[in-house]
Protein chains: 2
Amino acid sequence: MRILLVGAGGVGSAFCAIAARRDFFEKIVVSDYDGARAEQAAAAVGDARFSAAQVDATSADAVAALVGEHGITHVMNAVDPRFVMPIFDGALAGGADYLDMAMSLSVRHPDKPYEQTGVKLGDQQFAVAQEWESAGRLALVGIGVEPGLSDVFARYAADHLFSEIEELGTRDGSNLTVDGYEFAPSFSIWTTIEECLNPPVIWEADRGWFVTEPFSEPEVFDFPEGIGPVECVNVEHEEVLLMPRWVDCKRATFKYGLGEEFIDVLKTLHKLGLDRTEKVKVGPVEVSPRDVVAACLPNPATLGPKMKGKTCAGLWVTGTGKDGRPRSTYLYHVVDNEWSMAEYGHQCVVWQTAINPVVALELLATGTWKGAGVLGPEAFDAVPFLELLTAYGSPWGIKEL
Amino acid sequence: MRILLVGAGGVGSAFCAIAARRDFFEKIVVSDYDGARAEQAAAAVGDARFSAAQVDATSADAVAALVGEHGITHVMNAVDPRFVMPIFDGALAGGADYLDMAMSLSVRHPDKPYEQTGVKLGDQQFAVAQEWESAGRLALVGIGVEPGLSDVFARYAADHLFSEIEELGTRDGSNLTVDGYEFAPSFSIWTTIEECLNPPVIWEADRGWFVTEPFSEPEVFDFPEGIGPVECVNVEHEEVLLMPRWVDCKRATFKYGLGEEFIDVLKTLHKLGLDRTEKVKVGPVEVSPRDVVAACLPNPATLGPKMKGKTCAGLWVTGTGKDGRPRSTYLYHVVDNEWSMAEYGHQCVVWQTAINPVVALELLATGTWKGAGVLGPEAFDAVPFLELLTAYGSPWGIKEL
């Protein structure tokens, strides 16, 4: 296996640190728009299998050229979701399999943006699934932690815990704080704004996909391992688009434990138009307000040493257990920042995202997972994934609610 | 009288519309960094006494040159307070009197920014008062509505209503809404951020000037003429620096009726660093985050037709009345947006700011007001000002609390 990693930011760098401990691949070419950043991420692991390259992720041709040049078998997309389509197209054009951790972006419904879906997350990718299948190539989409591990949990719950599923409810929360900052998100603010201010999508068996107003259906969810109760709201997320395609259920939701303060910040950014991506004229220059917001905040990848607390990703499944009795179970994965910093030198949120595609690539390398077309994590057997995740030293948990 | 107006924004344009109805001046040269905007503001009044010029308000030399070129007797500063010093210096260098509606900016105390004052509002101007006095030139500072009319009220209260003053408390509030916008400040957001996020200054007879944390001492003040109760907080404002210099009192405060929503927006901007004026690097360009916030919001000068409601500026005076009994009186000035739009074509907040320097200039032109040095409105007799304001068709009010 010869991997082209596109994106040497927080998640990309953690991906390198985790992969470097494994022997399932021959080569990883770390690429980034910023060539120096790619060099730095590749050098940081001190492993001769890693090299660096510059890439323009807006160009499918540039991605395909790198695939050809380095004999790449798998393209690993670790940049923000604006660049999904050129990387995805470039992988197919170059003749490589493809993995990502976020899917092609949505476009809201022109008339009823808070009721009906327009272009949904991943629609652009699923639209060409037939081409991938015909070419015998695999695009394994949404294989970070959320989407990713949450989807693996859905398949596991359906196969091993439930006879009938009422709701697949992804729930994500943390108790992270950052010393010295009044406000410092631990994940890309660009992506967080995109996720949280888009109309959240919900799936129901008798309605299909529909959307609501942002921040709908607030709920306090009590997260395990000492994190405790956090205010969660509906957020647009890939799980809701992926799970119902492969797993029988009556409802699929995603709620993000943003907490009241973060929700207020996002609402204010939106009210002031500072969430916009279209450029505005500011004196002699033009900038995207959302990029300015990101530039004003600390880079989440640099915050690890100042962060404290744990992050939790999981899936709350309700329905009927294998024994025919009502069941309500939370399957989850918690990472303590102190542990991920000490063990890998990467903060817990990016580390938790990055470990899952490494596990998936190892399963693909050994042939335990195989397939063609555009497939979510639910399309594969969950058991070997969860076993390998545990073998990596990062076990998952289960709790009856 | 030959006036150089520097700044053809909202307040400058309203100033022209109000002055055009009066005959106390020979000539007004409307100048702006944007020459076309100056042309437009001068042309809008349809009065041959108005002409336009381009000016760089960061250059005292440029201001002095325009004073010389047009035989200017009075420089009227109507730009944001960043440019006070070059315009103030340029007027003196050119040999003209000077008026402004905001004073030179403060710089917070390096060690105790929320306890002690550093450089105070207006300090740079008062530092050279002797030069103005020696030259026989007048700088009438802070002669908008607040500071301005509020300071006139202070002098009026001391001369005619009170034998002893406990507190001179400026209170400003409105019930304005803007159709079609979720959030649209009716005054320069740049200045509002500057005022509200700087440590608010308070004066007490036995302590002198001191500062507190932003948004301190919240209080609900019940504004007259149907505006009703609004949440007010301490804000850094010129009145507190001006009033105690000329009017005996035990305490001087300024509270701004921001309302809870606006306070929350300002706190969030600060938390995210979006209030900063130092440029940040955003991809290939550099911009000041505060300028980006301003660029994302509608221009307050264009909102008049969509605004509804009234704005109130006033001074709450407590102490002992002339009759020796305790007295608590609010002296105020209310402008209804519907009226100012119909009558002058300018929204109420900028119109209310602009009328006061026109009245003051007329009093200076007729010799009713005269003086030399750097003087606040309190240094002059309040009665002719309040009479002329009423004669302009914009009466003030008084209410016992």
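The values are calculated or read from the model by the stated rules, or taken from the named source; none is laboratory data. Bear in mind that the values here come from a model prediction, so they are computed numbers and not experimental data. Heads up, the Cβs are rebuilt from the backbone with ideal geometry, glycines too, and the neighbour counts pull from every protein chain shown.
Structure data summary
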quantity: Residue in segment A:320-328 that is of a type in the set (D, E, K, R), closer than 22 Å to A:LEU168 by Cβ, buried (at least 21 other Cβ atoms within 10 Å of the Cβ) and over 21 Å from the mean Cα position of the chain (by Cα) present; calculated: yes
quantity: Residue within segment B:322-342 that is over 21 Å from B:HIS160 (Cα atoms), touching a Cys at 6+ places or on another chain (Cβ under 8 Å) and among the small types (Gly, Ala, Ser) present; calculated: yes
quantity: B:THR58 vs. criteria of a type in the set (S, T, N, Q), under 30 Å from B:LEU121 (Cβ atoms), touching a Lys or Arg at 6+ places or on another chain (Cβ under 6 Å) and at pLDDT 95 or above; calculated: no
quantity: Residue match in segment B:173-183 (condition: assigned by TED's automatic domain parsing to the domain that holds B:PRO244, of a type in the set (D, E, K, R), crowded, with 22+ Cβ neighbours inside 10 Å and touching a residue at least 24 places away in the same chain (Cβ under 8 Å)); calculated: no
quantity: Residues within segment A:127-149 that are assigned to a loop (DSSP other than H, G, I, E, B) and within 21 Å of A:VAL349 (Cβ to Cβ), tallied; calculated: 5
quantity: Segment B:91-102 residues that are free of Cβ contacts under 8 Å to residues at least 40 places away in the same chain, paired with ones that are small (Gly, Ala, Ser) (beta carbon under 7 Å, 6 or more apart); calculated: B:ALA93/B:ALA60; B:ALA93/B:ALA64; B:GLY94/B:ALA64; B:GLY94/B:GLY68
quantity: Index of the failed condition, A:THR253 passing every other in (1) free of Cβ contacts under 8 Å to residues at least 60 places away in the same chain; (2) buried (at least 17 other Cβ atoms within 10 Å of the Cβ); (3) β-branched (Val, Ile, Thr); calculated: (1)
quantity: Only one of B:LEU176, B:LEU140 that is away from chain A (no Cβ under 14 Å) and at pLDDT 95 or above; calculated: B:LEU140
quantity: Members of segment A:280-289 that are assigned to a loop (DSSP other than H, G, I, E, B) and facing another protein chain (nearest Cβ under 7 Å); calculated: A:GLY283
quantity: Those residues of segment B:364-401 which are assigned to a strand (DSSP E or B) and closer than 18 Å to B:TYR330 by Cα, in sequence order; calculated: B:GLY397, B:ILE398, B:LYS399, B:GLU400
quantity: Among the residues listed as B:VAL293, B:VAL335, B:VAL317, B:VAL358, the single one being assigned to a helix (DSSP H, G or I), more than 14 Å from chain A (Cβ to nearest Cβ) and under 23 Å from the mean Cα position of the chain (by Cα); calculated: B:VAL358
quantity: Residue count for segment A:303-314, restricted to those that are surrounded by 21 or more Cβ atoms within 10 Å (Cβ to Cβ) and part of a helix (DSSP H, G or I); calculated: 1
quantity: Test result for B:PRO298, within 23 Å of B:VAL145 (Cβ to Cβ), modelled with pLDDT under 95 and not in a helix (DSSP H, G or I); calculated: yes
quantity: Output for segment A:220-235, where each listed residue is crowded, with 23+ Cβ neighbours inside 10 Å and touching a Cys at 6+ places or on another chain (Cβ under 7 Å); calculated: A:PHE223, A:VAL235
quantity: Candidate set: segment A:344-401, residues that are out of contact with any Pro (no Cβ under 8 Å at 6 or more places or on another chain) and among the charged types (D, E, K, R); chosen: the one surrounded by the fewest Cβ atoms within 10 Å (Cβ to Cβ); calculated: A:GLU400
quantity: Per-region count, segment A:169-181, residues part of a loop (DSSP other than H, G, I, E, B) and either among the hydroxyl-bearing types (Ser, Thr, Tyr) or within 21 Å of the chain's Cα centre (by Cα) (or both); calculated: 3
quantity: Residue check, A:ASN299 polar (S, T, N, Q), within 14 Å of another protein chain (Cβ to nearest Cβ) and under 23 Å from A:GLY259 (Cα atoms); calculated: yes
quantity: Residue satisfying condition, being within 28 Å of A:LYS399 (Cα to Cα), surrounded by fewer than 17 Cβ atoms within 10 Å (Cβ to Cβ), assigned by TED's automatic domain parsing to the domain that holds A:CYS312 and modelled with pLDDT of 90 or more, within set A:GLU278, A:GLU238, A:GLU217, A:GLU213; calculated: A:GLU217
quantity: Segment B:263-279, subset touching a helix residue (DSSP H, G or I) at 6+ places or on another chain (Cβ under 7 Å) and in a loop (DSSP other than H, G, I, E, B), residue nearest to the other protein chains (Cβ to nearest Cβ); calculated: B:GLY273
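So that you can scan it fast, the table gives a plain yes or no per residue for (1) part of a loop (DSSP other than H, G, I, E, B); (2) closer than 30 Å to A:ARG276 by Cβ; (3) away from chain B (no Cβ under 14 Å):
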| position | (1), (2), (3) |
| --- | --- |
| A:ASP159 | no, no, yes |
| A:GLU167 | no, no, yes |
| A:PHE183 | yes, yes, no |
| A:ILE202 | no, yes, yes |
| A:ASP222 | no, no, yes |
| A:VAL233 | no, yes, yes |
| A:PRO244 | no, no, yes |
| A:CYS249 | yes, no, yes |
